[in-house]
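What follows is a single structure, written as C-alpha cells, with notes after it.
The values are calculated or read from the model by the stated rules, or taken from the named source; none is laboratory data. Computed from a predicted model, the values in this text were never measured in an experiment. Glycine gets a Cβ as well: all are built from the backbone with ideal geometry, and neighbour counts include every protein chain shown. The accessibility values were calculated without ligands, DNA or RNA, using every heavy atom of the protein model including side chains. Shrake-Rupley method; radii C 1.70, N 1.55, O 1.52, S 1.80 Å.
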Amino acid sequence: MEMRELTVVAGSFVGFQLLFSVASPLLSSAIAPSYGLLPPTKHTEWNSRLVSTVHALVVGFFCLYILWFDDVVNANPVWGDPSMVKLNVAITCGYLLYDLVLLACNWSTMGDSFFVCHHLAALYAYGYVLTRGVLPYFANFRLISELSTPFVNQRWFFEALKYPRSHRMVVINGVAMAVVFFLVRIAVMPSYWASVFATFGTADFERLGLGAQVAWITSCVALDILNTIWMYKITRGCYKVLTGTKGRKAKEGVEASSWADKKKLANNHTD
C-alpha cells in the first residue's frame with residue numbers, strides 16, 4: 001500500500017471518529033431537538049448511523065463519477081489505472097475499521113454478526129485493491145451499493161423519534177429504501193457477475209494469481225448472500241407497512257381478547 005492510500009485510510013478513520021463523537025451530537029441537537037431526550041445507547045447508534053450516511057453519500061457519488069468518467073478503469077476492469085478507485089476504497093477501509101472498533105466497544109447494544117462478516121469480507125477484498133491495484137472496476141462497482149444506506153439509516157432515525165409507521169414520510173422513505181436497495185444491490189447482480197465470468201480464462205485473470213482470485217470471488221459471494229438476506233427483510237417490512245398488516249393484527253388481538261394465544265402472538269410480533 002502506498003503512503004497516499006495509507007494516509008487516506010488513517011485520516012478517514014480519525015475523521016469518522018471525530019464526526020461520531022463531536023460533529024454528530026452538535027448537528028443532531030440542532031436539527032432534531034428530540035435527540036437530547038434519547039437514552040445514551042440510542043445516542044451511540046444515532047451518531048453511528050449519521051456517520052454511516054455521510055460515508056455512503058461520499059463514496060457512493062464518487063463511485064458514480066468513476067463509473068461515468070474514468071475511461072481507463074472501464075476499459076480494463078482487472079488492471080486499469082486504479083488511482084481514483086484506490087482513494088475511494090481507502091476512505092471506505094477507514095470507515096470499516098472505525099465501525100468495527102465501534103461495534104466491538106458497544107457489542108452488547110450494537111453487536112451484529114452480519115455486519116462484522118460484511119466488513120471483514122469487504123476489507124479482505126479491498127486490501128488487494130489497495131496493495132496491488134487490481135480489479136478497480138469491480139471494486140468501484142461494489143461500492144455503488146452504499147447509495148442505499150442513507151435510506152436504511154433514515155428508517156432508524158424515524159423509529160428513534162417515534163414517528164408512526166403510517167406517517168407519510170416513513171412510508172415514502174420505506175418504499176424508496178426498498179427500491180434503491182434492490183436497484184444498487186440486487187438488480188445489478190446479473191450484470192456484475194456477467195462481467196466477472198467474462199474475465200475467466202483471460203490473461204488478465206490468470207495474472208491475478210490464486211490469492212487475489214479467491215479473495216475476489218469469495219468476498220463477492222459472501223456480500224451478495226448478505227445483500228439477499230437484507231433484501232428479504234426490507235421487502236418484508238415494506239410490505240407490512242404498505243398493507244398495514246401489523247396494525248390489523250394488533251387490532252384483532254385486542255378485539256379477540258378471549259383468544260389468549262392469538263393476542264399473545266399479535267403483541268409479540270416484530271419486524
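A few notes on this one:
- Leading residue by the ranking (farthest from Glu159 (Cα to Cα)) among those in region 1-19 that are open to solvent by less than 30 Å² (accessible area, probe 1.4 Å) and of a type outside the set (A, V, I, L, M): Glu5
- Looking only at region 132-157, and only at residues there that are open to solvent by 20 Å² or more (accessible area, probe 1.4 Å) and among the aromatic types (Phe, Trp, Tyr), the one that is farthest from Val214 (Cα to Cα): Phe157
- As a summary of the residue check, Ser34 satisfies the conditions (1) touching a helix residue (DSSP H, G or I) at 6+ places or on another chain (Cβ under 8 Å); (2) hydroxyl-bearing (Ser, Thr, Tyr); (3) touching a residue at least 12 places away in the same chain (Cβ under 8 Å) except for the one numbered (1).
- The residue of region 28-44 that is modelled with the lowest pLDDT, among those that are within 22 Å of the chain's Cα centre (by Cα) and surrounded by fewer than 19 Cβ atoms within 10 Å (Cβ to Cβ), is Thr41.
- If you go through region 64-78 and keep only what is within 21 Å of the chain's Cα centre (by Cα) and surrounded by 15 or more Cβ atoms within 10 Å (Cβ to Cβ), you end up with Ile66, Leu67.
- For region 23-75, the helices (runs of 4 or more DSSP H) that sit wholly inside it and include 3 or more residues that are farther than 26 Å from Leu103 by Cα are 40-69, 71-75.
One line per residue, one yes/no per condition, for (1) more than 27 Å from Ser29 (Cβ to Cβ); (2) aromatic (Phe, Trp, Tyr); (3) modelled with pLDDT of 90 or more:
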position: Leu57; (1), (2), (3): no, no, yes
position: Phe62; (1), (2), (3): yes, yes, yes
position: Met84; (1), (2), (3): yes, no, yes
position: Val89; (1), (2), (3): yes, no, yes
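- Asp81 satisfies every condition listed in (1) open to solvent by 50 Å² or more (accessible area, probe 1.4 Å); (2) assigned to a helix (DSSP H, G or I); (3) farther than 23 Å from Gly111 by Cβ except (2).
- Selection count where residues are among the β-branched types (Val, Ile, Thr), closer than 19 Å to Tyr126 by Cβ and either open to solvent by less than 30 Å² (accessible area, probe 1.4 Å) or free of Cβ contacts under 8 Å to residues at least 24 places away in the same chain (or both), scope region 170-217: 5
- Among the candidates Arg142, Arg132, the residue that is farther than 15 Å from Tyr95 by Cβ and among the charged types (D, E, K, R) is uniquely Arg132.
- Answer residue from region 98-108, given it is more than 16 Å from Val54 (Cβ to Cβ) and in a helix (DSSP H, G or I) and is modelled with the lowest pLDDT among those: Ser108
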